[in-house]
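Since the structure comes first, as structure tokens, the remarks are kept for the end.
The values are calculated or read from the model by the stated rules, or taken from the named source; none is laboratory data. Bear in mind the structure is a predicted one, so any value in this text is a computation, not a measurement. So basically every Cβ, Gly included, is an ideal-geometry build from the backbone, and we count neighbours across all protein chains shown.
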Amino acid sequence: MVHLDAVKKDNEVVTPASRGLEAVSAADINDFYTNVYGSHFAVDHMSHHEMPEREMPRQIAARMIKDELSLDGNPKLNLASFVTTYMEEEIEQIMTDSFSKNFIDYEEYPHTAEIQNRCVNMIARLFNCPTEASGENAMGTSTIGSSEAIMLGTLAMKKRWQNKRKAEGKDASRPNIVMNSAVQVCWEKAARYFDIEEKYVYCTEDRYVIDPKQAVDLVDENTIGICAILGTTYTGEYEDIKAINDLLIERNIDCPIHVDAASGGFVVPFINPDLLWDFRLEKVVSINVSGHKYGLVYPGVGWVMWRSPEFLPKELVFNINYLGADQASFTLNFSKGASHVIGQYYQLIRLGKSGYRAIMSNLIRIADYMTSELEKMGMVIMSQRAGRGLPLVAWRLPSSEDRVYDEFAVAHQLRERGWIVPAYTMAPNTEHMKMMRIVIREDFSMNRCDSLLQDYKLAIQTLQSMDNTMFERYEAHMKSSRDQPRNTSRTHSIYKDEKHSLQGKTGKTHGVC
């Protein structure tokens, strides 16, 4: 053991005291002066379960993590996800500078709080919130993605229903909510976490969205609301929210609608502004949208808006002052970073309506082009075109008794070429239908689209060249890839056989979002 007063590295004096050590080993001295991969850390096993006893130099820690993350897929080739993978350098730097800001501390960061209020007002007016006429601030808040926004919207509907039932002297212990079986899993979570019965309208082989009449027929005195989706994760189709609204009015049913506009909220106003789905409809009382999807912000930021304060019960809003100023809080989460809210404001003022319109129009054009090319190959298209749905392409392979491969085999072939294109089964009652889907995001240019189409053709050709025996071996290869420990160790074994969710009950998979 060699005792030192100090070791100098990159003009920084490192002392034993600064390292929490009384002495530095000869190996440690060598690590200060050697290449990262010449240090002992390069041959040490990385800690997995136990926090290491000793520290390591920051450059080496950063390099070890960077090297491991380099084995992840390229997010720009992950066409399963709606989540934004590109932002301009100017706002990336501003967001980095804001990492240390705790958004909830309004007293310390009043301008950040003001930026959130501006975003709420802009987005609410984009959704034709009635506050536009009065000039008042809109009722809404930023959230950590649409999941938190949906939780808040669901809680507000439940509490408002309970208050009404109690005022009428009626039982308020058995709330239910009506929704499509093609909902994203966060709706199942909201219902389960808040003790709300789920009442589903199931998809059919030729209908992938909610049936308005069936939805309204399910409404009873215990229904807190109907969830309608502006762009399902399966096929990107918009549900007929106006039809649900009109049926509720026609039948004089007092039931609100919450619109899950996670994906479509930043698309429809620019591509199909005449579509009635938002606060222009009387029964729509709340809307959620994901800023990190077509809002064009890195994950994760979401937004939830209410038509007016009466639809957000007071008992869900908490006044606090321990951070130095009186403020109201009505989110599930408290502390969070401010950077994504700032990123959203940048996009809103940087692009404006014309900028969003230009981007979304390009995405629709690319989606339509890819749709036509896949159709030429004989694929069965399941998504909408010409802006009548989200900018995505959903399809399935044509029926054939002679074909040995399926959509999952095609997805595996594409993954081996670097592309992540999901294959999954449709919603419950139609889970025998297999399909694939590509999300067209802002950075998915026509050039990248052509590259994917070329690889898709090669994948099909490769699979078509296999006979039954070869494909059996390929299936075994796919199964071993899916079942390898890296892919199966993410869930504790005790939770793997749950039977309470749609996934557990039907064996189908949720559309990736």
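Structure summary
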read-out	value
Residues being farther than 18 Å from Glu148 by Cβ and in contact with a strand residue (DSSP E or B) (Cβ under 9 Å, 6 or more places away or on another chain) - total across the range 260-281	9
Verdict on Ala182 being more than 16 Å from Pro309 (Cβ to Cβ), of a type in the set (Gly, Ala, Ser) and modelled with pLDDT under 95	yes
Wholly within the range 378-472, strands (runs of 3 or more DSSP E) carrying at least 3 residues that are touching a Leu at 6+ places or on another chain (Cβ under 8 Å)	434-439
In the range 351-389, the residues that are over 16 Å from Cys449 (Cβ atoms), crowded, with 16+ Cβ neighbours inside 10 Å and touching a strand residue (DSSP E or B) at 6+ places or on another chain (Cβ under 8 Å)	Met382, Gln384, Gly389
Output for the range 156-193, where each listed residue is hydrophobic (A, V, I, L, M, F, W, C) and within 16 Å of Ile226 (Cβ to Cβ)	Ala156, Met157, Trp161, Ile177, Val178, Met179, Ala182, Val183, Trp187, Ala190, Ala191
Close pairs from the range 269-288: first over 23 Å from Tyr356 (Cα atoms), partner among the basic types (Lys, Arg) and surrounded by fewer than 22 Cβ atoms within 10 Å (Cβ to Cβ), Cβ under 8 Å, at least 6 apart	Leu281/Lys242
Any chance Ser70 is touching a residue at least 60 places away in the same chain (Cβ under 8 Å) and farther than 21 Å from Gly355 by Cα	no
Matching residues in the range 252-266 - criterion: being in contact with a Cys (Cβ under 8 Å, 6 or more places away or on another chain) and assigned to a loop (DSSP other than H, G, I, E, B)	Ala262, Ser263
Number of the condition not met by Gly507 [criteria: (1) modelled with pLDDT of 65 or more; (2) under 26 Å from the mean Cα position of the chain (by Cα)]	(1)
Test: residue in the range 123-130 that is touching a residue at least 40 places away in the same chain (Cβ under 8 Å), buried (at least 17 other Cβ atoms within 10 Å of the Cβ) and aromatic (Phe, Trp, Tyr)	yes
Tally of residues being in contact (Cβ under 8 Å) with a residue 40 or more places away in the chain and farther than 21 Å from Tyr238 by Cα across the range 404-431	13
Yes/no for Pro269 being closer than 25 Å to Ala427 by Cα and not acidic (Asp, Glu)	no
Single residue of the range 70-91 satisfying the filter (modelled with pLDDT of 90 or more and among the aliphatic types (A, V, I, L, M)) that is nearest to the chain's Cα centre (by Cα)	Val83
Enumeration of residues in the range 293-305 that are buried (at least 24 other Cβ atoms within 10 Å of the Cβ) and either of a type in the set (Phe, Trp, Tyr) or in contact with a strand residue (DSSP E or B) (Cβ under 8 Å, 6 or more places away or on another chain) (or both)	Tyr294, Gly295, Val301, Gly302, Trp303, Val304, Met305
Which numbered condition Tyr33 fails, given (1) more than 30 Å from Leu275 (Cα to Cα); (2) surrounded by fewer than 15 Cβ atoms within 10 Å (Cβ to Cβ); (3) at pLDDT 85 or above; (4) aromatic (Phe, Trp, Tyr)	(3)
Those residues of the range 430-476 which are farther than 28 Å from Lys76 by Cβ, loosely packed, with under 12 Cβ neighbours inside 10 Å and among the polar types (S, T, N, Q), in sequence order	Gln464, Ser465, Asn468, Thr469
